[in-house]
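Below: the structure, in structure tokens.
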Amino acid sequence: MTSPARNSRNKKEKRILLWMALPAFAVYASLYLYPALSNLLYATQKWDGITKPEFTGLRNITYLLTQDDLFRKALGNNLRFMLVVVIFQTAFALLFATFLLKNSKTNIFLRIVFFFPTILSSVSVGIIWTFLYDPSYGSITAFLKAIGLGSHAPLWLGNESITLYSIALTQVWFHTGQMIVIYVAGLQQIPKELYEAAEVDGASRWQQFKGITWPMALPTTAVVVAYTTIQTFRAFDLIFAMTGGGPSYASEILVTQIYNTAFISQKFGYASAQSIVLVVLVLFITWLQRKTLRVNDGAK
Amino acid sequence: MYKALRASLLTVYATIILLPCMIVITGAFKTDFEIYTKPLSLPAVWSFGNFRKLFVESNIATPFMNSVIVSAFSVFFTLLFASLAAYSISRLFTITGRILFLLFSLGLAIPGQVNIIPIFHLFVNLHLNNSLVGLVLVNIALTLPISIFILSAFFRDLPKEMFECAGMDGAGQFRIYRSIALPLSKPALGATAIFLFVICWNDLLYPLMLITETGKKTLPLVLIDYKGEYFASYSMQFAAILVASLPMVVMYLFMQRTFQAGLTAGAVKG
């Protein structure tokens with residue numbers, strides 16, 4: 001084939017390749033990028049969704065960051081929810097992944113069982129746990145009564161100081177199995193020889209975990225922590241199904257508040273400003289986590 | 001010591017997962033009184049009354065079909081568009097290819113939930129609210145970035161020689177995509193399909209915002225409705241959960257591996 005002919009053919013191939021990306025790009029640009037950009041515009045407006053929007057510049061953002069106590073509360077809730085879920089979900093997942101590392105029949109079966117809640121909808125899980133937490137009829141209360149602690153049973157979803165943690169527990173029940181599977185895949189990459197050598201040296205199980213498993217699993221931990229974090233910021237469905245953010249905003253996180261600001265209070269511009277703070281926050285936290293876990297990884 | 005600890009912790013955890021499931025499954029066939037007094041026992045009489053009520057009075061078949069339609073079309077078109085784009089990105093070694101990839105990656109960084117307000121107004125203006133087509137479009141847009149990310153990583157790992165040989169033989173890019181790239185990536189496509197299916201089937205936020213007409217509601221939405229309507233009857237709520245979860249559970253029983261692969265593939269960059 002001569003060179004000009006090949007060139008023209010290459011050009012044609014490239015054009016075909018671009019055409020192939022077009023449908024995805026069209027949908028993505030019009031229903032993802034464009035809304036994301038117009039969100040920036042909305043955030044500078046005062047708008048009830050009906051009358052003409054009024055340009056207010058940065059007033060939404062400054063009010064949000066300096067004077068809005070409810071937003072601060074949702075932000076605090078969101079961070080606490082994130083911390084509790086990330087810590088417990090990661091710790092449990094790592095522990096159970098080390099238990100289920102070998103591909104024996106029992107282990108594979110148990111992984112299937114533990115993974116199961118992940119396929120359910122947040123709404124179903126929310127309803128199931130609303131029942132379990134029910135102060136009069138719920139199974140948890142019944143269990144506490146059976147072991148003689150019935151009088152100590154709190155209002156799991158009705159008590160302002162514990163609601164958020166009750167939902168966090170549900171979230172951990174919901175997604176730990178998923179993280180176990182991620183961890184098992186990661187831990188199975190660690191060369192067996194390392195453990196064999198450690199065994200010869202007489203290292204205890206705990207020493208092996210500290211010296212081999214933990215440092216070698218750090219990249220996987222980074223993935224698990226990042227994914228869990230994102231999940232806690234997206235927990236709208238679960239919280240909406242369980243408490244709707246109550247009682248008195250005790251379980252309100254950022255996404256539920258954005259939803260309420262827009263669709264209950266009809267303050268669309270203000271809700272957009274809130275969602276921009278959310279994006280910046282999520283980007284910052286994931287960047288921070290990646291940096292921390294990578295530094296550790298290099299320093300091991 | 002370690003063995004005993006391991007066995008007991010595994011048993012406790014399995015119990016914590018399985019007991020609530022058993023309570024829901026048996027509870028759907030019990031009376032509410034039985035759920036409260038004997039949550040763990042089998043129903044004294046297996047009653048299908050709750051299911052009859054769901055299908056006859058609440059007409060759960062309509063939201064069920066809506067969910068089937070929305071999920072099926074969303075998954076199909078996302079996979080089609082994403083695989084075409086991913087193939088294109090992994091074969092375009094030009095600036096345009098890089099820019100395309102970067103633009104789609106931007107979608108991974110911006111959580112889709114923050115777009116609810118502009119999407120709501122856009123869809124109201126386009127009369128795409130209260131429409132299943134609207135839901136399908138939202139689902140496609142939201143899941144394209146992650147799907148493209150997963151699939152393009154997979155395409156890039158396929159041996160280059162295969163594409164080059166086919167190119168020498170005069171096969172055009174579209175034919176290489178259809179007769180080489182797609183068949184070779186069946187496992188990746190299957191895992192991504194399951195991943196997308198679970199997302200679309202279970203999503204609440206966007207239907208909640210866009211759908212108000214009863215006839216257009218999807219399953220998660222009516223589950224929320226039932227929670228209010230049948231607040232005094234957990235057995236009804238449990239029956240509804242069973243109906244809504246059945247397709248996923250049946251698929252999971254036959255394809256646990258694909259589910260596990262699919263629902264963790266998203267984690268690589270969720």
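The values are calculated or read from the model by the stated rules, or taken from the named source; none is laboratory data. Just so you know, these numbers come straight off a predicted model, no measurement behind them. Methodologically, a virtual Cβ is constructed for each residue, glycine included, from the backbone with ideal geometry; neighbour enumeration extends over all protein chains shown.
Do we have any residue at all in the stretch A:149-165 that's buried (at least 21 other Cβ atoms within 10 Å of the Cβ), touching a residue at least 12 places away in the same chain (Cβ under 8 Å), over 30 Å from residue A:293 (Cα atoms) and among the hydroxyl-bearing types (Ser, Thr, Tyr)?
yes
Looking at the stretch A:1-60 only, could you name the residues that are at positive phi and surrounded by 13 or more Cβ atoms within 10 Å (Cβ to Cβ)?
A:49
Would you mind finding the one in A:266, A:188, A:257, A:231 that is polar (S, T, N, Q) and either farther than 30 Å from residue B:121 by Cβ or in contact with a strand residue (DSSP E or B) (Cβ under 7 Å, 6 or more places away or on another chain) (or both)?
Of the residues listed, the single one that is polar (S, T, N, Q) and either farther than 30 Å from residue B:121 by Cβ or in contact with a strand residue (DSSP E or B) (Cβ under 7 Å, 6 or more places away or on another chain) (or both) is A:188.
What is the number of the single condition among (1) facing another protein chain (nearest Cβ under 9 Å); (2) free of Cβ contacts under 8 Å to residues at least 24 places away in the same chain that residue A:278 does not meet?
Of the numbered conditions (1) facing another protein chain (nearest Cβ under 9 Å); (2) free of Cβ contacts under 8 Å to residues at least 24 places away in the same chain, the odd one out for residue A:278 is (2).
Which number in (1) buried (at least 17 other Cβ atoms within 10 Å of the Cβ); (2) within 11 Å of chain A (Cβ to nearest Cβ); (3) within 30 Å of residue A:18 (Cβ to Cβ) marks the one condition that residue B:238 misses?
Failed condition: (3).
Hey, among the residues in the stretch A:121-141 that are more than 7 Å from every other protein chain (Cβ to nearest Cβ) and not in a helix (DSSP H, G or I), which one's farthest from the chain's Cα centre (by Cα)?
Among residues in the stretch A:121-141 that are more than 7 Å from every other protein chain (Cβ to nearest Cβ) and not in a helix (DSSP H, G or I), the one farthest from the chain's Cα centre (by Cα) is A:136.
Could you tell me which residue of the stretch A:246-261 is farthest from the other protein chains (Cβ to nearest Cβ), considering only residues that are without any contact (Cβ under 8 Å) to a residue 24 or more places away in the chain and surrounded by 22 or more Cβ atoms within 10 Å (Cβ to Cβ)?
Among those residues, the one meeting the criterion is A:261.
Given the criterion at the interface with chain A (Cβ under 8 Å from one of its Cβ atoms), among the hydrophobic types (A, V, I, L, M, F, W, C) and either buried (at least 20 other Cβ atoms within 10 Å of the Cβ) or in a helix (DSSP H, G or I) (or both), identify the matching residue among B:189, B:182, B:223.
B:223
If residue A:137 passes every condition in (1) in contact with a helix residue (DSSP H, G or I) (Cβ under 8 Å, 6 or more places away or on another chain); (2) surrounded by 15 or more Cβ atoms within 10 Å (Cβ to Cβ); (3) touching a residue at least 12 places away in the same chain (Cβ under 8 Å) but one, which one does it miss?
(3)
Looking at (1) within 24 Å of residue A:112 (Cα to Cα); (2) modelled with pLDDT of 95 or more, find the lone condition where residue B:40 falls short.
(2)
Kindly evaluate residue B:76 against the criterion of being at pLDDT 90 or above and aromatic (Phe, Trp, Tyr).
The answer is yes for residue B:76.
Within the stretch A:88-111, does at least one residue satisfy the condition of being under 18 Å from residue B:259 (Cα atoms), facing another protein chain (nearest Cβ under 8 Å) and either surrounded by fewer than 19 Cβ atoms within 10 Å (Cβ to Cβ) or of a type in the set (D, E, K, R) (or both)?
Yes, the stretch A:88-111 contains at least one residue that is under 18 Å from residue B:259 (Cα atoms), facing another protein chain (nearest Cβ under 8 Å) and either surrounded by fewer than 19 Cβ atoms within 10 Å (Cβ to Cβ) or of a type in the set (D, E, K, R) (or both).
Quick check on the stretch A:62-80. Is at least one of its residues within 11 Å of another protein chain (Cβ to nearest Cβ), farther than 30 Å from residue B:178 by Cβ and under 26 Å from the mean Cα position of the chain (by Cα)?
No, every residue in the stretch A:62-80 fails to be within 11 Å of another protein chain (Cβ to nearest Cβ), farther than 30 Å from residue B:178 by Cβ and under 26 Å from the mean Cα position of the chain (by Cα).
Which pairs turn up if I take residues in the stretch A:176-204 that are within 14 Å of chain B (Cβ to nearest Cβ) and outside any helix (DSSP H, G or I) and look for partners that are polar (S, T, N, Q) and exposed (fewer than 12 other Cβ atoms within 10 Å of the Cβ) with beta carbon separation below 9 Å, at least 6 apart in sequence or on another chain?
A:188/A:103
Looking only at helices (runs of 4 or more DSSP H) that lie completely in the stretch A:26-120, which have at least 1 residues being closer than 24 Å to residue A:233 by Cβ, among the polar types (S, T, N, Q) and touching a residue at least 40 places away in the same chain (Cβ under 8 Å)?
Once the helices (runs of 4 or more DSSP H) in the stretch A:26-120 are filtered for at least 1 residues that are closer than 24 Å to residue A:233 by Cβ, among the polar types (S, T, N, Q) and touching a residue at least 40 places away in the same chain (Cβ under 8 Å), what remains is A:34-42, A:59-66, A:69-99.
Being of a type in the set (S, T, N, Q) and surrounded by 18 or more Cβ atoms within 10 Å (Cβ to Cβ) is the filter; apply it to the stretch B:10-57 and report the residue that is nearest to the other protein chains (Cβ to nearest Cβ).
Here the answer is B:26.
Of the residues that make up the stretch B:168-177, is at least one hydroxyl-bearing (Ser, Thr, Tyr), facing chain A (nearest Cβ under 8 Å) and under 30 Å from residue A:8 (Cα atoms)?
Looking for residues that are hydroxyl-bearing (Ser, Thr, Tyr), facing chain A (nearest Cβ under 8 Å) and under 30 Å from residue A:8 (Cα atoms), one finds at least one in the stretch B:168-177, hence yes.
Kindly establish whether residue A:293 is assigned to a helix (DSSP H, G or I) and touching a Leu at 6+ places or on another chain (Cβ under 9 Å).
Considered against the rule, which asks whether it is assigned to a helix (DSSP H, G or I) and touching a Leu at 6+ places or on another chain (Cβ under 9 Å), residue A:293 comes out as yes.
If you go through the stretch B:89-109 one residue at a time, how many are in contact (Cβ under 8 Å) with a residue 40 or more places away in the chain and either facing another protein chain (nearest Cβ under 7 Å) or under 19 Å from residue B:183 (Cβ atoms) (or both)?
Residues meeting the conditions: 4.
Residue by residue through the stretch B:195-209, note down the ones that are part of a helix (DSSP H, G or I) and facing another protein chain (nearest Cβ under 9 Å).
B:198, B:201, B:202, B:205, B:208, B:209
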